[in-house]
Amino acid sequence: MKTRLHLGDAFAARPFVLRHFALCPLAVLLPLLLAACNGSSDNTGTTTDPDPSDTETSSCVDNPMGDTDLYLRGGMNSWTADDDYKFSYVCDHFELVTADIEATESFKIADDAWSSTADFGGADSSQVALDTPLTLALQGSNLSFDFSGTNKVELDMSESTETPSLTIYQCPDAPLGDTALYLQGEMNDWSASNQYRFTYSCDAYYLNVDDSGEYSFKLADSSWAAATTYGAATSGTSLTYGEASSVVTDETQGGSSENLSFNFTGGNTVKLAMDSDGSNPTLTIGDETFTGTAENPVTDAVALSVTFDSRDLDHKSPFGAVTDGSTINYAVTAQEANGEVIDAMTLVVATHTLEGNQDSITNTDAVEVPMTKSTDEAGLETWTASHTFATKGVYSYYFTFTIGSETYVYENNEDTVYWTSEEGTDGVGEVAFLPSDSDDIRRYRQTVYLSDFQVPDWAQDAVYYQIFPERFRNGDSSNDPTTGVDTYLGGAVEFHSNWTDTPYLPGDGNSDDTYNNDFFGGDLQGIIDKLDYLADLGVNTLYINPIFEAGSNHKYDTGNYLQVDDNFGDNALFATLNATAKQKGIRVVLDTSLNHTGTDSVYFDRYSRYDTDGAFEGGAINTASPYYSWYTFYTDATEADDMYAGWLGESTLAELVETDDYKAFAYGNDDSVTKYWLDQGLSGWRMDVAPWVSDEFWRGWYSAVKTKDSDAVTVAETWFDASKFLLGDEFDATMNYIFHDAVLDFANGSDASTVYRNLEMVREHYPPQALHALMNLLSSHDVARALYNLGDEGSDTDAATVATAKQRFLLATLFQMTYPGAPSIYYGDEVGVTGGADPMNRGTYPWADQGGSPDTAMLAEMKSLIALRNDNAILRQGTLSAPLYSDEHVLVLLRELDDQKALVVLNNADTAQSLTLSLDSALAGTYQDLLGGDGVTVAADGSVSLTVPALYGQVLLNQ
């Protein structure tokens, strides 16, 4: 979305606001079962404490048994050395947590060979009493214990390796039940991802992390519930290495705890301990001493040979997203070994449902499709099956197979997907033992869209220019906000008399303590005045952040959907902007939120500023208001902020209810918000916080848009995998934040092959017409500017670093201009504007006539790159296949359109890269470098040698 809403610290409970702000829709993770001790026989959770009640960490010593593994061997596992019962060595003792034994069992502790030096039993007694140490002896008698619930078995050899001490504890149930906790902070974009999910093991919640550096974070469940969001009682709390610190919940903190911070050192264990009722939570971060859950590794040669690649037509056809009614053919291969074969294989397909901002992800209505085997002379097995997807939707699938008595699963890989709670980028997957809970399976995902889904043709040719109106250009000083006259939430506003000022950051000593109330005077006339500049730049579509009446500088707190804010101009001036832009070949797409209004609005009127009968008129619930049903009110509350539902708890944004009356106002009526502005010549809508609005609402809204103007584009604000919105009845495209992260990581030097897997996933998941219309951005009003992310952090950054950051930005832009989808340029990026998180990412455009210093050399480079796209239809409309080549630094991509072929070669190394490739012979021919470099020839056999410039690339077009 949009803005920082820190008024009264109401948003401190949502820590991700502090980084991205803007209430940006960050990924929130699917609730999965957390406890490692609740009935899964293949989990062996281990902790660092010698007693569940003792939180003191002892001095760690080397494992006295060296490489010898010890096992609990007894009646519970037929006296075998079973990996499910293997001890872990932790700090100064061996331990095993087991939850699958509900009987009195005889057992011993031994290695896999019953070695005389690793076979421990009873010395003077064989009966083990709960919580009571028992001295063991080598080759002693069988032991006996009444196992029940979850028990932790500890073997202490600190005094002797021949007469160790055995203690068995009763583990309490997880205090939070099945609630899954995650570490969510700057290290993972404040998202709930499996990589940062805690494990409950007997006495506390544990997580191993491998991050380095100072990060802010909280511990929370996937929905940021107040009772299970853990933070600091006061701001600025930095944890001390190895020391337990008390933490508080949002609930105990009156709705808002503060962020924690810690300097991670590349291998730490995070431990959250609490009483059995969840009280007295304490947090400790120190050495990595938690061994996690011991997974039984797959070692069977045939099982390990099983292969499936969802992007290989030999394994799955047709490729990618398909239309409703399509049949997909699947083929999984395996290699016989030593006479062993796969006995049976099954394709499992389910309906994949994502609700809200990834608040709930479920897989239901599973269908099992038996697969058929064929075997060639070399013993290669091919298992095949087909499934017809009758209706649109997002589906999931995986494969199960049996070899003898073992059952395995072939599942998605473990790749992290930017902003997305589920792991796995599809493509090649992995083999594992079939878990007892199918929710633990990483599933492949399949998009099925409506066969009549059409996206406006012009959308794939669009080059967006995003404008935050208040900061682009002041074209009419007569409508500037006035201190002492204009107000924000009933309070004063601030105005910058100097256009090149830095935006105010409340609390920095330069302004008051209110966010979003400082103004520079940017307006619609300023945009009109610079339309020739924009046309010369080469952009053809303006994406303009909200312009409707509102009190803030960002205007997402809508005051009146049908009126342009008077500090921007008026409705007539917008009509002039729209008409003038179209004369210059530029379309206009507007931004708004239909999920919430401002509390200072004609519909709510908390501050009694309007003549209307507001639903919360003057701070009191008004049941007589025509807008009363649009909001949720709490009549038993005593404080005004608590009397209504604010979006994500934010009291300045009153959340709207999707009543029939409101939907008629929003999109149904002929004079509805949606249709009114389309009547003014608008070319489309970008819809804010799409995940917080129901699918039913968006389907009605989409139908209204397309009925009014089938050529209008509809773009959703989502940050995660947006497949569910792109099925042909909700949106044409989305803001592509997965592209944003992948390309910036690539430009910053991350492994090219690794980061590109996220983009391959998008290519596979999204319908091709949506893929080509995606708003591919490098910066926006909700994230730090690209240059900042690439190293230019402002005036204190040295010149060499700035120069490198700008070259990396040009590399990213080259990527952007040669990739399917509509590039989006954030105002000022083209002339070197930088800035960190909101509000610094919303600085003014540095117009020279206003005292700014635009980087004209970068501007010339940007014009050239935009022209490259505009002048070559293949870069806008051409198909994209899997990479022809990728390594740590270089990507070689193929674009095709009719008989044209373009090889896009990108290099993120700071040195030139030379390589020789063996391509398909169909690519043979002579290629011109559209960037002015030397051309190349692909030989008849497909061989070609390339030298790719440092931090840049080549765009090679066949002749």
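The values are calculated or read from the model by the stated rules, or taken from the named source; none is laboratory data. Source: prediction; values computed, not measured. Note: ideal-geometry Cβ built from the backbone for every residue, glycine included; neighbour counts use all protein chains shown.
Here are the numbers:
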{"quantity": "Any hit, region 748-760, residues being touching a Gly at 6+ places or on another chain (Cβ under 7 Å) and either within 21 Å of residue 876 (Cα to Cα) or outside the structural domain of residue 722 (by TED's automatic domain parsing) (or both)", "calculated": "yes"}
{"quantity": "Residue, farthest from residue 868 (Cα to Cα), within region 918-955, restricted to residues that are in contact with a Gly (Cβ under 8 Å, 6 or more places away or on another chain) and assigned to a strand (DSSP E or B)", "calculated": "918"}
{"quantity": "Residue within region 456-474 that is modelled with pLDDT under 95 and surrounded by fewer than 18 Cβ atoms within 10 Å (Cβ to Cβ) present", "calculated": "no"}
{"quantity": "Filter result for the condition that a residue is surrounded by fewer than 17 Cβ atoms within 10 Å (Cβ to Cβ), outside the structural domain of residue 190 (by TED's automatic domain parsing) and either part of a strand (DSSP E or B) or touching a Cys at 6+ places or on another chain (Cβ under 9 Å) (or both), over 391, 362", "calculated": "362"}
{"quantity": "Count - residues of region 310-339 that are surrounded by 14 or more Cβ atoms within 10 Å (Cβ to Cβ) and touching a helix residue (DSSP H, G or I) at 6+ places or on another chain (Cβ under 9 Å)", "calculated": "10"}
{"quantity": "Qualifying positions in region 150-194 - surrounded by fewer than 20 Cβ atoms within 10 Å (Cβ to Cβ) and assigned to a strand (DSSP E or B)", "calculated": "156, 165, 170"}
{"quantity": "Filter result for residue 915 (modelled with pLDDT of 95 or more, aliphatic (A, V, I, L, M), closer than 17 Å to residue 957 by Cα and buried (at least 16 other Cβ atoms within 10 Å of the Cβ))", "calculated": "no"}
{"quantity": "In region 78-88, the residues that are surrounded by 20 or more Cβ atoms within 10 Å (Cβ to Cβ) and free of Cβ contacts under 8 Å to residues at least 60 places away in the same chain", "calculated": "85"}
{"quantity": "Condition check for residue 188: more than 30 Å from residue 98 (Cα to Cα) and either without any contact (Cβ under 8 Å) to a residue 60 or more places away in the chain or in the same structural domain as residue 836 (by TED's automatic domain parsing) (or both)", "calculated": "yes"}
{"quantity": "Test result for residue 243, buried (at least 19 other Cβ atoms within 10 Å of the Cβ), of a type outside the set (Val, Ile, Thr), assigned by TED's automatic domain parsing to the domain that holds residue 214 and modelled with pLDDT of 90 or more", "calculated": "no"}
{"quantity": "Inter-residue pairs, beta-carbon under 6 Å, first of a type in the set (Gly, Ala, Ser) and in region 64-75, second in a strand (DSSP E or B), 6+ apart", "calculated": "74/105; 74/106; 74/107; 75/105; 75/106"}
{"quantity": "Members of region 69-107 that are touching a Gly at 6+ places or on another chain (Cβ under 7 Å) and closer than 19 Å to residue 169 by Cβ", "calculated": "97, 99, 100, 105, 107"}
{"quantity": "In region 201-219, the residues that are in contact with a Pro (Cβ under 8 Å, 6 or more places away or on another chain) and assigned to a strand (DSSP E or B)", "calculated": "216, 217, 218"}
{"quantity": "Within region 495-604, helices (runs of 4 or more DSSP H) holding 2 or more residues that are of a type in the set (A, V, I, L, M, F, W, C) and in contact (Cβ under 8 Å) with a residue 60 or more places away in the chain", "calculated": "531-537, 571-583"}
{"quantity": "Residue satisfying all of: in region 903-917; within 20 Å of residue 747 (Cβ to Cβ) and not in a loop (DSSP other than H, G, I, E, B); farthest from the chain's Cα centre (by Cα) among these", "calculated": "915"}
{"quantity": "Residues being assigned to a helix (DSSP H, G or I) and under 18 Å from residue 414 (Cα atoms) - total across region 743-783", "calculated": "13"}
{"quantity": "Residues located in region 470-492, provided they are out of contact with any helix residue (DSSP H, G or I) (no Cβ under 7 Å at 6 or more places or on another chain) and more than 26 Å from residue 235 (Cβ to Cβ)", "calculated": "470, 477, 478, 479, 480, 481, 482, 483, 484, 485, 486, 487"}
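Okay, residues lined up against (1) within 26 Å of the chain's Cα centre (by Cα); (2) assigned to a loop (DSSP other than H, G, I, E, B); (3) under 21 Å from residue 193 (Cβ atoms):
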position: 227; (1), (2), (3): yes, no, no
position: 231; (1), (2), (3): yes, no, yes
position: 243; (1), (2), (3): no, yes, no
position: 255; (1), (2), (3): yes, yes, no
position: 261; (1), (2), (3): yes, no, yes
position: 264; (1), (2), (3): yes, no, yes
position: 269; (1), (2), (3): yes, no, yes
position: 278; (1), (2), (3): no, yes, no
position: 284; (1), (2), (3): no, no, no
